[in-house]
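So the structure is just underneath, and the comments pick up after that.
The values are calculated or read from the model by the stated rules, or taken from the named source; none is laboratory data. Since we're looking at a predicted model, the values are computed, not measured. Cβ coordinates were reconstructed from backbone atoms using ideal geometry, including for glycine residues, and neighbour counts include every protein chain displayed.
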Amino acid sequence: MDWHQVHDPQDPELDRLAERYRLHPLHIEDCRHRSQSAKVEESLGYLFAVLKTVEVAGDGSLELADLDVFLGRDFVITVEESQQHCARALLDTVLAASTGMRADQIFYRITDGVVDTYLPVLDRFSEIIDELEDQVLDRPTPDTLSRIFETKRSLVLLRRVLVNTRDVAGHLQRTECDLIHRDMWPFLRDVYDHVARNLDLVEMQRDLLTGSLDIYLSSVANRTNQVMKVLTVLGTIALPALVISGIYGMNLKGLPWADSPHATAIVSGVMFVTTIALLAILRLFRWF
Amino acid sequence: MDWHQVHDPQDPELDRLAERYRLHPLHIEDCRHRSQSAKVEESLGYLFAVLKTVEVAGDGSLELADLDVFLGRDFVITVEESQQHCARALLDTVLAASTGMRADQIFYRITDGVVDTYLPVLDRFSEIIDELEDQVLDRPTPDTLSRIFETKRSLVLLRRVLVNTRDVAGHLQRTECDLIHRDMWPFLRDVYDHVARNLDLVEMQRDLLTGSLDIYLSSVANRTNQVMKVLTVLGTIALPALVISGIYGMNLKGLPWADSPHATAIVSGVMFVTTIALLAILRLFRWF
Amino acid sequence: MDWHQVHDPQDPELDRLAERYRLHPLHIEDCRHRSQSAKVEESLGYLFAVLKTVEVAGDGSLELADLDVFLGRDFVITVEESQQHCARALLDTVLAASTGMRADQIFYRITDGVVDTYLPVLDRFSEIIDELEDQVLDRPTPDTLSRIFETKRSLVLLRRVLVNTRDVAGHLQRTECDLIHRDMWPFLRDVYDHVARNLDLVEMQRDLLTGSLDIYLSSVANRTNQVMKVLTVLGTIALPALVISGIYGMNLKGLPWADSPHATAIVSGVMFVTTIALLAILRLFRWF
Amino acid sequence: MDWHQVHDPQDPELDRLAERYRLHPLHIEDCRHRSQSAKVEESLGYLFAVLKTVEVAGDGSLELADLDVFLGRDFVITVEESQQHCARALLDTVLAASTGMRADQIFYRITDGVVDTYLPVLDRFSEIIDELEDQVLDRPTPDTLSRIFETKRSLVLLRRVLVNTRDVAGHLQRTECDLIHRDMWPFLRDVYDHVARNLDLVEMQRDLLTGSLDIYLSSVANRTNQVMKVLTVLGTIALPALVISGIYGMNLKGLPWADSPHATAIVSGVMFVTTIALLAILRLFRWF
Amino acid sequence: MDWHQVHDPQDPELDRLAERYRLHPLHIEDCRHRSQSAKVEESLGYLFAVLKTVEVAGDGSLELADLDVFLGRDFVITVEESQQHCARALLDTVLAASTGMRADQIFYRITDGVVDTYLPVLDRFSEIIDELEDQVLDRPTPDTLSRIFETKRSLVLLRRVLVNTRDVAGHLQRTECDLIHRDMWPFLRDVYDHVARNLDLVEMQRDLLTGSLDIYLSSVANRTNQVMKVLTVLGTIALPALVISGIYGMNLKGLPWADSPHATAIVSGVMFVTTIALLAILRLFRWF
């Protein structure tokens, strides 16, 4: 059993392998053009799979890399399309344990390892969404909006990767080619279950994120409502005083009580009573 | 017929049972890693099911626990993955009535019991949603928002459990393995119907909850609108008085009626008439 | 042909019938537990159907009742789970015309009659939605919101009944048991078409109701916008007068024109011109 | 080949035809009850189709009419359920060209003609939606809302007609009865394609309409935001003047610069500078 | 092998070809009526495909053109329905490389080329959506709304083209007619994958665009909220000064401290303290 690791898809080594194992030109082309979707294709004498490894970069964005695998009866060829850390680590781990393994067992290990890279990413998103929810309810800012948007974008991307990977796992489980021995079936089914469960989680996270955007809008609307009420209450307190003081500020004669020695007390009293009355009315209609 | 109850998945007893009944290593691993999705898998000589029991905790959050069941021709193994109260109560009840039962009958009883734990949870959510609806229409607060969100989150989770459990029940109903006797079929179909009906209910509740968020937003918008109207009416009442008293407060000569002995009455009259006229105009355009 | 009418599911008569016709205990249990979903199940020698009759109560809420029917080769058993008026009327009508009918013909008549109870309910909802739409566009109030919500809730419930009933009708149409003669098939298909069309209508009504909630929100936002404009225009009219009269109200010397005999006229003119200029600017930017 | 045109479903002629061609009583009933959904049913020796012709009335609302067709080996019966103009015109056109045609050819012509009545309706809706979009972005009014709602309602209705008609066309295409000759198949497929494409268009229009409601809401929110800014700017300009003139309007001694001969100039300067400073701050935070 | 290029569907050459190769009149009609959906139809001895080429016009709108292809055993007929640049370029490229090719190889090249025209369009939309997202978060204007709407419209259109093209590719992949040799299957599958991936991208873009509309609404609501806070803070600063100066502006005797020589200082102090106290209260409740 031979395992050929190609670290750079541009490497002419890939062409030599293509010739030796009669790999289809379209598959070699797929290896050399990045950003393929995850997929699996059966060909004469071998099986070609594009897998996607996923990492969260330092700034929270999603980084995808392609890992192409050719599985033949007695060979495995892996092509790394970028030097992503987690793909490298995964291949090293499988390599270390590969002595004496069959080609399909190595293939399963790689697929399983790729699917395992999704879990920490999902956990990271769970944390981010929890944080965003707290922010949204507690103190919504435009920055929260922008982060919700970024996270949504990453989830949309991740979902696409997972849907395709699930289809790959489903296909592998049902495949009738003899490259994969029957005893691997429960394991491949396990991979399928893992991806399906991850996809479930992504759907839940999308649901929660959409919900948090609705909550954002409701929360902002609610705060605006409260600010309006403050303004109304302030207005209610000030208006009687302003109107009454305005009236007594007029250069007119004959204003009521104007000549009374208790004028100030009376007028202040009127101001006070009117304000209280207005506040009482607002209170009655439950406006604060 | 042997029923082995394993109360702790880490118990080495589980390994002994695995050896004795030739249980697949992946299934033992599933027992030991919590938070599995509900599922059923047929294996050589036995059937492995992961069931989820559900409880509502004191603070209204959802608590899930795994209950793993192995069904063989003449044995049942149950593995409780956590010491949840309702799972324990359920197993005790089934145990008390298990004398003389076949393995598949015990299996049915356990499945039926697990499904029965969903109903009180659904009832609790119905109550919560009713409360939330009343709050939303009557007196929406940010706290309402936060509770809507929490409930939504729990329903998303519960829905996932139910979808998986329905698939389990559907699979059991259609299974062609001979571990389950034909006379159990109507009962398994009954379980399926129960779960499907519960799922229907959860969908209805999600629908109502989404609706109540829309209502929240509409309700807040409506209240803001009313607060604005109050502000406008207050402004309408105060402005003529303020403007007119401002004018008569100017240190200028020659203001109309300023020297008249009826100045105060005239000016007050003008203020009053202008205010009424403004209010009448607003009324005409139906702004309050 | 015997038609046994059981008016109360708790009646021991039901147990006697169960024994005589060998009815499955799960079906008897279904009769005694209310709030079943509509369903049909084939059993040994008979067919068991749960049908739902629907009425709109005086306060506009939906009232559901179960009507259970057992159809055998030469017997029909109906179990009314509540004393709902329309179920009673329906059974009386069918009874009056039942002489000489086969069991499956009676069964069809009952099913057809149950489906016929949905139409007046749908008509009632159509009226309510028309009313709500008018209210929403014309004069949205919190009460409108609350009615939209109630109606949505009823439609969600009704939809669930209809979906289940459609499945019942679909099953009856495709059933291969010999309890239903071939000549009843076009009639059962007709029942299916009726329910499917009713379901279409409910979907349309849900669509319209969701739309009317969106319209509500838009309508309130629009009104708030207009109230704001009124406030802005009022402010625009009052501000110049307030500012200028404030300035001339200062106890300072040397205010321009203050000593002129035409001071009042000049100052009023300035107020007037400034106000008009501000209004013209707002007009220019199309704010009212 | 006989073509019987029945212009009024109540016409006893229909009963005579029913007897002569052994039409099923349920079909005759369908002809006499209006507002059927489009459907096709195969019966002994004939095929019964309900087709829907569509017109846009003068006030923009959708007008549906039923056209029932019975297709036998050597007869066609058409029943017009209302005197709609376009149904009449269509039948006249087909009649004029019907000499020498087979029954199934006439049937195809009628079906094709009915489907052709949908295109002008769709074009009319396209125009309406274009108009509404312009209004929504340019000058949203409550009347726009009301028209969006009406159009949505019509599209919901039209979609239902098209979905049913597509099912009819699909059924005709797959039918294995020998009433329709094989050489008509490409033509029936063409009808199916037409309806499917129309349905696509309706879905697109519904999408755009839903979008235009969202835009409406966003547009109104944006305008409210701008009105608020105007109010804020107005307030910013007026407040310093009001506060300062209020202070100098107090009947107190010892106000700074009050006795200076340049008092007015100084105070005006302070007012001006404060106003400019406030506006500069707002500008800094990009509030206008 | 003959390749007939018809540059104008009205060209009588098309009729001559139709006669020679016995093309179905409905297909010729399809060529002559523009704005067909992409489709493929198998006919006696040939295969008819309508393909859609896509370009983005200078003003950002989508321009579609039909390219009709007839594939026979030894002929290819292409009909360009408009003089779109990219369709022309594509045919020239294929022609240049066509020497010695089989008809189905030319057909594949054309189909592949048409699908390749979608990628630059998708890239263009990606850019537009990125821009719109930035605008929406940073500085939402009505113009942004209008561009979101335009882009949505184009995506709705593009999605329809892609869905139909995917169906065409799917059909070609599964077709069992012998016009396409087996060695072309992997290539046709590749075309299918391309279109499916493009469709995925369009769905993602639609998702993001819908999201950006929600963000727009939230963003505007948030800005309105902030403007309201500014207004409230301005009001809070000004009101105490206005009320107190109003009171001391009244022509009344006996106002407290009015005769004190420190009156101005005291009153200013009161104004200042009240303003600070109000601002502190607002701060306490976290309103700014």
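Residues of the stretch B:259-274 that are over 25 Å from E:TYR248 (Cα atoms) and in contact (Cβ under 8 Å) with a residue 12 or more places away in the chain: B:THR274 alone. Against the list (1) surrounded by 19 or more Cβ atoms within 10 Å (Cβ to Cβ); (2) more than 7 Å from every other protein chain (Cβ to nearest Cβ); (3) among the aromatic types (Phe, Trp, Tyr), the condition B:TRP185 fails is (1).
If you go through the stretch E:188-199 one residue at a time, do you hit one that is crowded, with 19+ Cβ neighbours inside 10 Å and either farther than 22 Å from A:VAL163 by Cβ or away from chain A (no Cβ under 14 Å) (or both)? Yes: one or more hits.
Show me the helices (runs of 4 or more DSSP H) found entirely inside the stretch A:1-106 where at least 1 residues are more than 25 Å from E:VAL191 (Cα to Cα) and within 28 Å of the chain's Cα centre (by Cα).
A:85-96
Within the stretch B:248-288, can you find the residues that are facing chain C (nearest Cβ under 9 Å) and outside any loop (DSSP other than H, G, I, E, B)? If the condition is that a residue be facing chain C (nearest Cβ under 9 Å) and outside any loop (DSSP other than H, G, I, E, B), then B:TYR248, B:LEU278, B:LEU282 are the ones that fit.
Among the conditions (1) out of contact with any Asp or Glu (no Cβ under 7 Å at 6 or more places or on another chain); (2) within 14 Å of chain C (Cβ to nearest Cβ); (3) in contact (Cβ under 8 Å) with a residue 40 or more places away in the chain, the only one that D:PRO120 does not satisfy is (2). The condition of being more than 30 Å from A:ARG286 (Cα to Cα) and free of Cβ contacts under 8 Å to residues at least 12 places away in the same chain holds for only one of B:ALA65, B:ALA96, B:ALA87, B:ALA49, that being B:ALA96. Reported count of residues in the stretch A:107-126, each being part of a helix (DSSP H, G or I) and touching a strand residue (DSSP E or B) at 6+ places or on another chain (Cβ under 9 Å), is 11.
Out of the stretch C:110-159, which residues are within 20 Å of D:ARG147 (Cα to Cα) and among the acidic types (Asp, Glu)? Within the stretch C:110-159, C:GLU127, C:ASP130, C:GLU131, C:GLU133, C:ASP134, C:ASP138 qualify. Kindly indicate the residue of the stretch D:169-212 that is hydroxyl-bearing (Ser, Thr, Tyr) and part of a helix (DSSP H, G or I) and also farthest from the chain's Cα centre (by Cα) among those meeting that condition. Result: D:TYR192. Total residues in the stretch E:26-51 satisfying the condition of being on the phi < 0 side of the Ramachandran plot and among the small types (Gly, Ala, Ser): the figure is 4.
Taking the stated definitions as given, is E:THR232 at the interface with another protein chain (Cβ under 8 Å from one of its Cβ atoms) and either buried (at least 18 other Cβ atoms within 10 Å of the Cβ) or closer than 30 Å to D:ARG223 by Cα (or both)?
Taking the combined requirement at face value, the residue satisfies it.
Just one of the listed residues (B:ARG153, B:ARG160, B:ARG166, B:ARG147) is farther than 21 Å from B:GLY58 by Cβ and under 13 Å from the mean Cα position of the chain (by Cα), namely B:ARG160.
Exactly one residue out of B:SER245, B:SER146 is within 7 Å of another protein chain (Cβ to nearest Cβ), over 30 Å from B:SER43 (Cα atoms) and crowded, with 20+ Cβ neighbours inside 10 Å, and it is B:SER245.
Anything in the stretch D:50-77 that is surrounded by fewer than 22 Cβ atoms within 10 Å (Cβ to Cβ) and closer than 20 Å to D:HIS181 by Cα? List them, or say none. Across the stretch D:50-77, the qualifying residues are D:VAL69, D:GLY72, D:ARG73, D:ASP74, D:PHE75.
A quick yes/no check of all residues on (1) within 30 Å of E:VAL233 (Cα to Cα); (2) of a type in the set (S, T, N, Q); (3) without any contact (Cβ under 8 Å) to a residue 40 or more places away in the chain:
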position	(1), (2), (3)
D:THR175	no, yes, no
D:TYR192	no, no, yes
D:ARG206	no, no, no
D:TRP257	yes, no, yes
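Results for (1) in contact with a helix residue (DSSP H, G or I) (Cβ under 9 Å, 6 or more places away or on another chain); (2) buried (at least 18 other Cβ atoms within 10 Å of the Cβ); (3) more than 11 Å from chain A (Cβ to nearest Cβ), shown as yes or no for each residue.
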site: E:ILE129; (1), (2), (3): yes, yes, no
site: E:ASP134; (1), (2), (3): no, no, no
site: E:THR141; (1), (2), (3): yes, no, yes
site: E:VAL168; (1), (2), (3): yes, yes, yes
site: E:HIS181; (1), (2), (3): yes, no, yes
site: E:TYR216; (1), (2), (3): yes, yes, no
site: E:SER219; (1), (2), (3): yes, yes, no
site: E:ASN225; (1), (2), (3): yes, yes, no
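Restricting attention to the stretch C:1-24, the residues that are at pLDDT 90 or above and more than 20 Å from C:ARG88 (Cα to Cα) add up to 11.
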